[in-house]
Amino acid sequence: MKTIHGIPVSSGVVIGTVYVLSDSRRHVRRRTVAPDRVQSELARFDEARQSAIEDINQLHHAAEREMGAEAAKIFLFHVGALNDPNLNRKVRAKIEDDRVTAEYAISSVFDDWIALFGAKADPTFQTKVSDLEDICRRLLDQLLGARFDALDDMGPGTVVVARDLTPSQTAAFDRQKVVAIVTDLGGKTSHTAILARALSLPAVVGAQNATDLVEDGQTIVVDAERGVAIVNPDEDTIERARRAGERAASYQVSLRELVDQPAVTADGVRITLLGNIEFPEEVDTVLERGGDGIGLYRTEFLYLTSPDIPSEKTHFNAYTACLNKLDGKPLIIRTVDLGADKYTQERNRIPERNPFLGLRSIRYCLQNLGMFKTQLRAILRVSAHGPVRIMFPLITSITEFRQAKMLVHDAMEDLDDEGVPYDKDIPIGMMVEVPSAAILAPAFAREADFFSIGTNDLVQYTLAVDRTNERVAPLYNPAHPAVTKLIRDVARAARRADIPVSCCGEAAGEPDFAALLLGLGVRTLSVTASDIPPIKRLIRSLSIPQCERIAKKAISLDSETEASAYLRDRTRKLVPQAFDGRSVDPQG
Ligand code: PEP
Ligand code: MG
């Protein structure tokens, strides 16, 4: 029995079977093809090889520019290998003689080559092993693209253990089979973690070396409440896990009674409790859990789950599906927030060196105007049918906000010319998720119709802590006074300008932090669907003056550890029931 410690990011306790999804491993199953498909498999191989060579040539030129000719030479070896007649002969022979798919032929020929190089005593050969793995991966990516990790040889009750998962990989898992995930990398607010929460998938991230500690087929208990995974559990542990799972489930049942009750504080202040979604289907879950509407629709997931760039129709259909389900309740559509850990790095020929400080979010949109306008048109068109608001992510300057707004007005003019209806007064707001926006909140409040505070990024950018990096996870603390002071100022600026302000970061779904937000004057919280009932329970148990006292004290502390300890202890004392489902007694 081995215990692996990581970061808890969702709820649930499950018992399953390990499936290791390591970076270098090729999960290409042997598949034979009909004799009349052999030619097309050969053609697929040729095409993949050509595209890979083109990609590498481009990489080579860019690397030459950036690093100099000598360092860029490595790519010449890659091109040489792809042009190697011996390799090509072998792959083609395998496809023709064994009648297998191009991907299987490639992976088995490369496996042999890699084994041969790896076994040589000469270190020059050994260093080529990772190059060969790289070339093989590139070819397989060409052939399998986004489908590569939608593995189909998993059985029911699978716990995927991986070095890292992209949000699109996580979204693609078959929920009938995958019951939990454990990753070596990642933090509490990485998008994979957020998605796991949205999919109600028990997850432990940032487990450092989990992939080294497990093997396929082993039994594993994933306790997402505590952030631990236990490999080869004994009977006693399995029994405890079973009971913990039942307790977590019955806690969820106990929350159902809150669904029809309003989110009103003990002293009668109505709080708007909205849901965060990544897919239109999640609207149902938000409403079932008692949400008042959608406070954050992360529309970039339209890109993450489809191999094609979404068309205006795709956008329009997705938003219409949400509106139809919402039946008059509000829908805040955030324009695509691609970049950083979402989408672009996977597709970039040359990954950015600092993707979180790079071409992401609104910056990406402002450099890809065609794509951006397509989305804006779809949002505007759908606004004719219900209460829709537009929200821009990662605004860092007034110029950027004005540019984005101007593009909305351009799209409006186009629709006017075409006689297409839309809401001429559609509210246009922004995420406040970088310190520059928070500091300039009074100026932004004169131009924005509403604010939504994104603590996931605000914490990362204020504290210089990568939200996806498990090594600095203990430093990622939303209760840090530098962050809470910014939130206070943003709430104040919004109040003075009389515009709505909400919080849609993951911290809004933490009971102690939600209490602090109410105390700072935030009256709208937007959280993952599963957090709606416990946060509603918290809201109904506290009065605003109590929250204000909590906020005042927490913000006055200089130390972030004291602030978070104070928040936790004080809120737990006042509303112990709000934390019920969050601590599954490991011994119980
Ligand atoms: C945030 O940064 O708090 C936020 C809600 O946006 P995302 O998590 O999608 O970056
Ligand atoms: Mg963000």
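The values are calculated or read from the model by the stated rules, or taken from the named source; none is laboratory data. Everything numeric in this text was worked out from a predicted model, so none of it was measured. Virtual Cβ from ideal backbone geometry, glycine too; neighbours counted across all protein chains shown. Areas reflect the complete protein model, heavy atoms only, side chains present, ligands, DNA and RNA absent. Shrake-Rupley method; radii C 1.70, N 1.55, O 1.52, S 1.80 Å.
Computed from label points 7 Å out along Cα-Cβ, the spacing between ALA93 and LEU116 is 1.0 nm.
Share of carbon and sulfur in the accessible area of region 35-144 stands at 51%, probe radius 1.4 Å.
A Förster distance of 35 Å, applied to the separation of the beta-carbon atoms of ASN368 and ILE238, puts the FRET efficiency at 0.10. Length gained on full extension, ASP216 to THR561, computed as 0.36 nm times the residue gap minus the Cα-Cα distance: 120.3 nm. Summarising the label geometry, the points placed 7 Å from Cα in the beta-carbon direction at ALA443 and ALA482 lie 2.1 nm from one another. Packing around the peptides 6-18, 255-267, taken as the average count of other Cβ atoms within 10 Å per residue, puts them in this order, highest first: 6-18, 255-267. With the cut-off at under 19 Å, measuring from each backbone N in region 432-449 to a point 7 Å along the Cα-to-Cβ line of ASP498 picks out 442-449. Calculated mean residue ellipticity at 222 nm for the chain: -15500 deg cm²/dmol, from DSSP H runs with n ≥ 4 weighted as -39500 (n - 2.57), summed, divided by the residue count and rounded to 500.
Relative contact order of the chain, taken over Cα pairs closer than 8 Å and 6 or more residues apart, is 15 percent.
Reported to the nearest whole Å, the Cα centre-to-centre distance from region 278-330 to region 494-523 is 23.
Considering only beta bridges that DSSP places wholly inside the chain, some 30 percent are antiparallel. The portion of the accessible surface of region 348-434 made up by carbon and sulfur, rounded to a whole percent, is 48 (1.4 Å probe; DNA, RNA and ligands excluded). Relative to the current alpha-carbon distance between GLU418 and ARG256, full extension at 0.36 nm per residue lengthens the span by 53.6 nm. Annotation: extensible slack from ASP425 through ARG572 equals 48.6 nm (criterion: 0.36 nm per residue apart, minus Cα-Cα distance). Sorted on the mean count of surrounding Cβ atoms within 10 Å across their residues, most packed first, peptides 187-197, 363-373 read 187-197, 363-373. Of the peptides 466-472, 483-489, the ranking by mean beta-carbon count within 10 Å, highest at the top, reads 483-489, 466-472. Spatially, region 416-487 and region 186-217 are offset by 26 Å when compared through their Cα centroids. Of all lysines in the structure, those lying under 28 Å Cα to Cα from LYS128, and not within fewer than 8 positions of it along the same chain, are LYS73, LYS90, LYS94, LYS120. The residues of region 449-523 expose on average 32 square angstrom of accessible surface per residue, using a 1.4 Å probe on protein heavy atoms.
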